[in-house]
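**Student:** Can you read through this structure? Questions will come right after.
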Protein chains: 2
Amino acid sequence: MSSNALVKGSLQTIILKLLEENEKMYGYEITQKVKELTAGEIKITEGALYPALHKLEAEGLLTTEIQQVDNRVRKYYSLTKDGKKEVSSKLAELQAFVENMQRIINPGLKPEFSL
Amino acid sequence: MSSNALVKGSLQTIILKLLEENEKMYGYEITQKVKELTAGEIKITEGALYPALHKLEAEGLLTTEIQQVDNRVRKYYSLTKDGKKEVSSKLAELQAFVENMQRIINPGLKPEFSL
DNA sequence: ATAATATACATCAGTTTCTTATGTATATAA
DNA sequence: TTATATACATAAGAAACTGATGTATATTAT
């Protein structure tokens, strides 16, 4: 996934945040949305995405709904109540991570956050 | 390491950046510096740190120098020429990561970067 | 005195998460 | 009719971590 080591811990955060904004998305749609939003810089591979979606579902953060579209099966994912809580938690973790990296990289800088 | 999934891809960046600022550090010192800079939020475990240092040395990014201090052995690490180049590269990756996450999380926001 | 904590290195089994490849199937564009 | 796009899924192997364990000295607390 983009060969950037940082990106490798962010897949769950990305999935949950996109589902917060979109109500309902299917796997392939998520890969395309991320590619679009990041101008192709982050590419989510299927081998990473589908296991991640299955895991979030197994943890009760996502629910699924199969739809038939033009003789093709789509599996739509949505946030559960627990999933919605988890979004805030993941975003807080992301913000904390960025702040901590700023402290390490810019020592002696008053924090003025960006995320 | 801090139970935050994002932190898990950032250890090399942290090590290299600290060595850019400090010329010469030993393992235990790195764990303490990170704890201090992040107010205890990021804790680097020995099981993560030492293998990471050995790998960076094997890749030619760090050199070592043993010193005896009060009957105790310290292994000091410094950046090689390649290591210095790698610092910029890792920081650029971090910045790109943060920008891309902002695009995903704040869609429709003009970027005004922070790192 | 002595037990606990701090300093300082290191390894290793097990877990998680990723990459890359493979597989199935339909639809569309070249 | 071949390649690309859409759409799902799995699986072997790699990489980076956790948490435990091990060794050894120094200092602080009881």
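**Student:** Whether any residue in the range B:30-39 is near DNA strand D (Cβ under 10 Å from one of its atoms), closer than 25 Å to A:G108 by Cα and surrounded by 18 or more Cβ atoms within 10 Å (Cβ to Cβ) is what I want to check.
**Tutor:** no
**Student:** Let me ask something additional. Only one residue in A:S89, A:S78 is at pLDDT 95 or above, away from DNA strand C (no atom under 13 Å from the Cβ) and more than 14 Å from chain B (Cβ to nearest Cβ), so which one is that?
**Tutor:** Only one candidate passes the filter, namely A:S78.
**Student:** Further, regarding this structure: From the set of residues in the range A:8-30 that are hydroxyl-bearing (S, T, Y) and away from chain B (no Cβ under 11 Å), which is farthest from DNA strand C (Cβ to nearest atom)? Walk me through how you get there before you give the answer.
**Tutor:** Residues of the range A:8-30 that are hydroxyl-bearing (S, T, Y), as a first pass: A:10, A:13, A:26, A:28.
Keeping just the survivors that are away from chain B (no Cβ under 11 Å) gives A:26, A:28.
Working: A:Y26: 13, A:Y28: 10 Å.
My answer is A:Y26.
**Student:** At least 1 residues that are of a type in the set (F, W, Y) in each: list the helices (runs of 4 or more DSSP H) lying fully within the range A:1-68 that qualify.
**Tutor:** Where helices (runs of 4 or more DSSP H) fall fully within the range A:1-68 and carry at least 1 residues being of a type in the set (F, W, Y), they are A:27-37, A:46-58.
**Student:** With respect to B:L49, determine if the residue is closer than 17 Å to B:E21 by Cβ and either of a type in the set (S, T, Y) or surrounded by 11 or more Cβ atoms within 10 Å (Cβ to Cβ) (or both).
**Tutor:** Numbers: closer than 17 Å to B:E21 by Cβ: no; either of a type in the set (S, T, Y) or surrounded by 11 or more Cβ atoms within 10 Å (Cβ to Cβ) (or both): yes.
No.
**Student:** Assess whether A:G60 counts as being touching a residue at least 12 places away in the same chain (Cβ under 8 Å), more than 10 Å from DNA strand D (Cβ to nearest atom) and surrounded by fewer than 15 Cβ atoms within 10 Å (Cβ to Cβ).
**Tutor:** Yes; evaluated as a whole, the condition is true for this residue.
The values are calculated or read from the model by the stated rules, or taken from the named source; none is laboratory data. Bear in mind the structure is a predicted one, so any value in this text is a computation, not a measurement. Note that each Cβ is placed from the backbone with ideal geometry, even for glycine, and that neighbours are counted across all protein chains shown.
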